[in-house]
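Single-structure report; data block below.
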Amino acid sequence: MTDTTGLSQLGQPTPIPASPDKAVLERVPNPQAGTLYLARFTAPEFTSLCPVTGQPDFAHLVIDYAPEQWIVESKSLKLYLTSFRNHGAFHEDCTVAIGKRLVATLAPKWLRIAGYWYPRGGMPIDVFWQTGVAPAELWVPDTGVSPYRGRG
């Protein structure tokens, strides 16, 4: 059984953090430490704010990582991602900051994040970041998100 002592959000009502900086991203021991595998989180309704106009920006995020000693506690990840809905930042900043925060919290063998941002002003912006080359034996499937094709 996984040790969940010390978790502050799991199993109880938790308000949405006011900002990503105030969000608590929690981790638990990896019950399969020593086994190379990929975990994927998909957030198809990610929202943040344009730092210039204050208008909402929407993205489909795909987060893949190969855990080492820690895995992310999923409720805390959901709350962390939700905290961006009132946060003003450019697409590139949001995507890379999420990846770096996860790396700082989890110290995974490998992590990548794909941010497929919906068009504003007629242009979608896709942002990709990873920690390096994936381990040779790791199965890394396609993100499953189609490139933006417009109305054509």
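Descriptive notes on the structure:
- Amide H contacts for TYR118 (H built 1.01 Å from N in the peptide plane; partners 5 or more residues away or on another chain; cut-off under 5 Å): PHE58, ALA59, HIS60.
- The label-point distance for GLN55 and TRP139, in a model that sets each label 7 Å from Cα toward Cβ, rounds to 4.2 nm.
- At full extension, THR47 and GLN32 could sit 2.2 nm farther apart than now, given 0.36 nm per residue minus the alpha carbon distance.
- Applying 1/(1 + (r/R0)^6) with r as the Cβ-Cβ distance of ASP126 and GLN12 and R0 = 30 angstrom yields a FRET efficiency of 0.25.
- For the chain, the mean residue ellipticity at 222 nm estimated from helices alone is -5000 deg cm²/dmol, where every DSSP H run of n ≥ 4 contributes -39500 (n - 2.57) and the total is divided by all residues, rounded to the nearest 500.
- Between the alpha-carbon centres of the range 16-31 and the range 120-144 there is a gap of 22 Å.
- Extent along principal axes [Cα atoms of the chain; Å; largest to smallest]: 48, 39, 21
- Those residues of the range 76-116 whose amide nitrogen sits under 19 Å from the label point placed on SER146, 7 Å along Cα→Cβ: 115-116
- Within the shell defined by Cβ-Cβ distances under 11 Å, the residues around VAL72 carry a net charge of +2, with Lys and Arg each +1 and Asp and Glu each -1.
Coordinate-derived values only; no laboratory data. Keep in mind the model is a prediction, meaning the values are calculated, not measured. As a convention, Cβ positions derive from the backbone with ideal geometry for all residues, glycine included, and neighbour counts pool all protein chains shown.
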